[in-house]
Every structure is written in structure tokens, then in C-alpha cells.
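The values are calculated or read from the model by the stated rules, or taken from the named source; none is laboratory data. Note that this is a predicted model, so its numbers are computed, not measured. Cβ placement follows ideal geometry from the backbone for every residue including glycine, while neighbour counts extend to all protein chains displayed.
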Amino acid sequence: MKCIKDVNFKGKRVLVRVDFNVKLDDRKNITDDFRIRETLPTIKKLIGDGARVVIMSHSGRPKKGGFEEEFSLIYVAKHLSNLLGKDVVFTQELLGDNVTNLVNGLKDGDVMLLENIRFYPEETKGDEAFAQRLAKLGDCYVNDAFGAAHRSHVSTAVIAKYFPNDKYFGFLMEHEVINLQRLMQNPQKPFTSVIGGAKISSKISVLQSLLNISDNLLIGGGMVFAFLKAQGKQIGKSLCEDDCLQVATDLMTKAKEKGVKIYLPIDVVVADKFANDANRKVVDIDNMPPDWLGMDIGEKTAAMYNEVILNSKTILWNGPMGVFEMSNFMQGTKSVAEATAEATDKGAFSTIGGGDSVAAINLFNLSKRVSYISTGGGAMLEYLENGTLPGIEAILN
Ligand code: ADP
Ligand code: MG
């Protein structure tokens with residue numbers, strides 16, 4: 001792998017793509033800076049070498065083209081400056097004389113953050129002319145944005161070709177790839193995948209590829225109801241994508257052929273409305289009341305899932321088991337998180353990915369007790385599906 005570790009970047013202008021796409025609260029505080037902190041080893045190594053570090057990132061999905069206050073990286077710049085204990089030059093532009101002058105005025109060890117790269121619509125279109133202009137700001141290119149590496153955008157992939165001999169993976173990227181390779185190549189068995197979250201439609205292809213590496217597939221979250229409805233069960237008003245019932249049936253058939261065991265809930269916590277203060281009760285899966293909706297896996301299901309997890313040597317978890325943001329419906333997710341931590345204590349290798357899943361593991365204070373937390377949701381899933389990503393290929397080839 002072409003990693004930064006063996007290179008000295010002294011005096012070089014290094015363009016670093018990171019994923020600083022973090023959530024802010026109403027007072028513009030960063031609620032979870034995990035993705036920022038994970039890039040610090042790369043940034044500090046470059047500062048230590050005496051490089052002139054020019055960082056680029058996206059934030060959210062600005063649509064207008066041009067500056068939009070709510071997607072500005074200015075608050076991230078302040079936070080980064082605090083984390084590094086040094087000034088971070090911030091510019092509200094990406095291109096133009098002003099930026100060029102600022103970059104060329106950087107001294108060895110200085111750090112600069114460019115404004116949200118998606119303020120330029122050319123970024124997501126993969127525009128060549130834009131790539132060429134952006135590339136002029138650096139002598140070297142480092143990709144440390146695993147969370148965005150499944151995108152063939154300018155700053156994540158297209159730009160790399162302008163640095164044929166000077167493009168590298170940052171430490172975060174290297175770390176992610178090593179861990180995910182470990183998951184896919186000769187993982188210790190039994191291999192259990194725990195998949196939840198809201199929608200089955202966003203995870204169909206990964207479910208399909210997980211059938212190739214998993215021994216057990218534990219299903220939770222909103223996607224459960226597509227499987228249950230496909231089996232002819234009454235699911236009340238639960239979330240369900242009706243156009244995915246055939247997909248669910250096909251997945252179950254495929255699993256049987258491959259000898260993969262799919263587990264579905266045997267009981268479920270139902271509510272009379274989608275709110276934390278709803279009336280709730282636990283019912284067996286065959287007794288879902290018609291006007292209620294499924295919000296979490298029930299206790300019996302959690303116990304069954306925990307036993308499978310505790311007997312596994314490799315665990316991959318993506319997607320909460322229920323609406324964990326509401327305290328009355330977080331128990332299933334918490335219980336699975338605890339079982340994963342316990343299995344890890346006993347020697348299993350566990351990986352967790354996905355924005356909400358990572359938020360959940362942090363909420364339960366269990367992040368130190370799992371083997372690996374990926375900074376990628378979509379990127380992790382796509383890596384598991386294809387064994388590589390556009391952002392990785394752009395550095396390697
Ligand atoms: P991740 O970000 O970890 O990949 P997803 O984005 O796929 O996870 O899914 C997370 C969302 O799924 C959460 O907001 C959670 O509230 C929701 N969810 C989980 N279970 C249910 C359910 N039974 N009904 C509706 N939404 C659910
Ligand atoms: Mg999510």
C-alpha cells in the first residue's frame with residue numbers, strides 16, 4: 001500500500017482529502033467528532049514532517065451551488081484548531097488567486113482547511129477541469145477520507161491522476177483497509193453479521209454479499225418487517241417497503257442454498273405511535289396488533305441473538321436493532337452491543353460501521369470494547385460488497 005508512513009513531506013504542499021462530514025447541534029457544536037479525531041494521526045505526521053497541509057472535505061449535501069451557511073466548515077476549522085493546538089487557516093473559497101496566494105504563503109508545518117468542497121457542483125460531477133485546477137494547489141495528494149471513498153468525486157478519486165508518483169493513503173485509510181481485508185479474507189468462524197437499520201432497500205446488495213462470508217445473519221431494525229411480511233405475517237403499521245418483499249424472499253432462499261442461517265425476531269416491542277411516549281408492549285411475532293408499529297426487537301429475540309453473537313469468532317455489525325434514539329426503544333440495540341463487547345472480551349474480532357450504529361455504541365459507552373469501529377457507513381458496506389472502492393483504486397492505479 002502507498003502509505004504516508006515511509007515518506008517525508010518536508011516543504012511540500014500536501015492536499016489531504018478527509019471526511020469532516022460531522023453533525024452540528026443548534027449551537028453549532030460538533031456533537032460527535034470521531035471522524036475528525038481519527039484523521040489526527042495523518043495531519044500530525046504531516047505537520048511533524050514540516051509539510052504545508054491543505055485539507056479538503058465535504059459536509060452534508062448542499063444543493064444550491066455556492067456558499068450555504070448551514071454546510072460551512074468554519075465550525076469544523078475551529079474545532080480542528082483546538083484539537084491540534086495550533087491555528088488553522090480557513091478560507092471561504094476553494095479556488096482563485098486569493099486561495100492560491102494563501103496556499104503559497106503557508107510555512108512548513110502550517111495547516112489550512114478549504115471550505116466545503118461540495119459548494120462547487122463540479123465536485124460530485126467528477127469534472128476534469130475542476131480536478132486540474134484543484135490539483136494545482138498541491139505537490140502531493142493524500143486520501144484519508146474513507147467515509148467518502150465509495151464516491152468517484154473529484155477530491156476523492158478523479159484528482160489522484162494528477163499526482164501519478166505522489167499519491168498516498170493516510171493512516172485512517174490504511175487502517176480501514178487492513179481491518180476490512182481481515183474481515184473478508186480468512187475470517188475466523190463462526191462469522192456473524194448483524195444487520196439492522198431502517199430500510200432493506202439501502203442494504204440489499206450488502207446482504208447478498210454477506211451471504212458469501214457469513215455463517216449467521218441476524219436481522220433487526222425496520223428491515224425486519226419486509227422479511228416478516230414476505231413470510232405472510234401481520235406486521236401492523238410497521239415500516240415496510242412493499243416493493244422489497246421479493247428481495248427478502250430471494251435472500252432467504254439464497255441463504256438456505258448456501259447454508260447461511262438467517263435469524264428473524266421472535267418477539268417485538270410495538271408502539272401505538274412513532275414517539276418515545278407512545279404506549280408500548282412486547283408481543284410474539286405472530287401476534288402483532290394491526291394498528292401498532294414495531295419499534296425494537298423483543299427480549300426473547302435479544303437473548304437469542306446474544307447467544308449467537310457470544311458463540312461467534314468474527315462479528316460485523318451495521319444498523320441498529322430498533323429506534324435506539326428513543327430511550328424506550330433502545331434496549332434491543334443496547335443488548336446486542338453489550339453481547340458484541342462481551343464476545344470481543346472473549347477473543348472475537350468485532351467490527352462496527354455506519355453513522356447510527358457508531359452513535360449507538362458511543363451512547364452505550366462500549367466503543368473501547370469492540371475491535372474496530374469504521375468511520376464509513378456506505379463506504380464500509382460497499383467495500384464489503386466489491387472488495388475495493390473508487391477512492392482506493394485511484395491511489396493504487
Ligand atoms: P447506520 O447509520 O448505522 O448504517 P441506518 O442509517 O441504516 O444505520 O439506520 C438507522 C436508523 O434506523 C435509525 O435512525 C433508527 O431509528 C432506524 N430504525 C431502526 N429500527 C427501526 C424500526 N423498527 N422502525 C423504524 N426505524 C427504525
Ligand atoms: Mg444512518
Quick one: THR39 ticks every box in (1) surrounded by fewer than 22 Cβ atoms within 10 Å (Cβ to Cβ); (2) under 17 Å from SER59 (Cβ atoms); (3) polar (S, T, N, Q) except a single one, so which number is it?
(1)
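Those residues that are assigned to a helix (DSSP H, G or I), of a type in the set (A, V, I, L, M) and either closer than 16 Å to GLY378 by Cα or touching a residue at least 60 places away in the same chain (Cβ under 8 Å) (or both), I need them from region 142-187; list them, please. Even if it seems obvious, please write down each step before you answer.
Start the filter on region 142-187 by keeping residues that are assigned to a helix (DSSP H, G or I), which leaves 146-148, 158-162, 171-184.
Next, only the ones that are of a type in the set (A, V, I, L, M) stay: 148, 158-160, 172-173, 177-178, 180, 183-184.
Within region 142-187, ALA148, VAL158, ILE159, ALA160, LEU172, MET173, VAL177, LEU180, LEU183, MET184 meet the criteria.
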Selected residue [among the polar types (S, T, N, Q), within 28 Å of LEU40 (Cα to Cα) and within 12 Å of ligand 1 (Cβ to nearest atom)] from SER350, SER367, SER374:
SER374
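Taking the stated definitions as given, is MET321 within 16 Å of ligand 2 (Cβ to nearest atom), of a type outside the set (D, E, K, R), out of contact with any helix residue (DSSP H, G or I) (no Cβ under 7 Å at 6 or more places or on another chain) and outside the structural domain of ASP19 (by TED's automatic domain parsing)?
Details: within 16 Å of ligand 2 (Cβ to nearest atom): yes; of a type outside the set (D, E, K, R): yes; out of contact with any helix residue (DSSP H, G or I) (no Cβ under 7 Å at 6 or more places or on another chain): no; outside the structural domain of ASP19 (by TED's automatic domain parsing): yes.
In short, no.
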Failed item, numbered, when VAL247 is tested on (1) surrounded by fewer than 22 Cβ atoms within 10 Å (Cβ to Cβ); (2) β-branched (Val, Ile, Thr); (3) at pLDDT 95 or above
(3)
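Between THR314, THR301, which is more than 16 Å from ligand 2 (Cβ to nearest atom), within 21 Å of the chain's Cα centre (by Cα) and buried (at least 19 other Cβ atoms within 10 Å of the Cβ)? Outline the logic, then answer.
Details: THR301 fails: within 21 Å of the chain's Cα centre (by Cα).
That would be THR314, the only listed residue that is more than 16 Å from ligand 2 (Cβ to nearest atom), within 21 Å of the chain's Cα centre (by Cα) and buried (at least 19 other Cβ atoms within 10 Å of the Cβ).
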Answer yes or no: is there a residue in region 101-119 that is farther than 21 Å from CYS140 by Cα and in a loop (DSSP other than H, G, I, E, B).
no
Against the definition (more than 16 Å from ligand 2 (Cβ to nearest atom) and hydrophobic (A, V, I, L, M, F, W, C)), how does LEU389 come out, yes or no?
yes
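Specify which of the listed residues (ILE47, ILE43, ILE30) is over 26 Å from TYR120 (Cα atoms) and either in contact (Cβ under 8 Å) with a residue 60 or more places away in the chain or not basic (Lys, Arg) (or both). First the steps, then the outcome.
Numbers: ILE43 fails: over 26 Å from TYR120 (Cα atoms); ILE30 fails: over 26 Å from TYR120 (Cα atoms).
Going through ILE47, ILE43, ILE30 in turn, just one is over 26 Å from TYR120 (Cα atoms) and either in contact (Cβ under 8 Å) with a residue 60 or more places away in the chain or not basic (Lys, Arg) (or both): ILE47.
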Condition first: at pLDDT 95 or above and surrounded by fewer than 20 Cβ atoms within 10 Å (Cβ to Cβ). Can you find one or more residues in region 214-224 that meet it?
yes
Of all residues in region 35-92, how many are more than 21 Å from ILE4 (Cα to Cα) and in a strand (DSSP E or B)?
3
Could you please find all residues in region 328-379 being assigned to a loop (DSSP other than H, G, I, E, B), β-branched (Val, Ile, Thr) and more than 16 Å from ligand 2 (Cβ to nearest atom)?
VAL370
So which residues in region 92-126 are buried (at least 18 other Cβ atoms within 10 Å of the Cβ), over 22 Å from the mean Cα position of the chain (by Cα) and β-branched (Val, Ile, Thr)?
VAL99, VAL103, VAL111
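Matching residues to (1) within 16 Å of ligand 2 (Cβ to nearest atom); (2) part of a helix (DSSP H, G or I):
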residue: SER205; (1), (2): no, yes
residue: ASN212; (1), (2): no, yes
residue: LEU218; (1), (2): no, no
residue: GLY222; (1), (2): yes, no
residue: ALA226; (1), (2): no, yes
residue: LYS229; (1), (2): no, yes
residue: GLN234; (1), (2): no, no
residue: SER238; (1), (2): no, no
Among the residues that make up region 387-394, is at least one of them closer than 24 Å to LYS199 by Cα, not basic (Lys, Arg) and not in a loop (DSSP other than H, G, I, E, B)?
no
